[in-house]
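Report on the structure given below.
Read the figures in this text as sums done on the coordinates, not as results from a lab. Keep in mind that what you see is a predicted model, and the values were worked out from it rather than measured. Cβ placement follows ideal geometry from the backbone for every residue including glycine, while neighbour counts extend to all protein chains displayed.
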Amino acid sequence: ILPPLMASAFVLRWLRQLVMLLFVTCFLMSGLVLNLLQLFVLPFWWINKMVYRIANAKIVYFHWA
């Protein structure tokens, strides 16, 4: 059994790591989804390059906003 002070430090460290893991997972999954969107927009490049560039710029903005 750990002393109360060490136990609370352990729990805080564990919670901090869990929150960081959630942030990283969220960032990576959103990046994966947006990369799939970019893949689906790719055929616009052969049709109209300007439409493709606008759509791709909006997708990139969604990732960083």
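From helices alone, the chain scores -30500 deg cm²/dmol at 222 nm; the rule is -39500 (n - 2.57) for each run of n ≥ 4 DSSP H residues, then divide by the residue total. Near Phe44, once Lys and Arg are set to +1 and Asp and Glu to -1 for all other residues with Cβ below 15 Å from its Cβ, the sum equals +3. In order along segment 30-42, the phi-based Karplus estimate (6.51 cos²θ - 1.76 cosθ + 1.60, θ = phi - 60°) of 3J(HN,Hα) comes to 5, x, 5, 5, 5, 5, 5, 4, 4, 5, 6, 7, 3 Hz; Gly and Pro are listed as x. If you look at the Cα atoms of the chain, you get an Rg and a Dmax of 20.8, 68 Å. Approximating the spin labels as points 7 Å out from Cα along Cα→Cβ, the Leu42-to-Ile54 distance works out to 2.3 nm.
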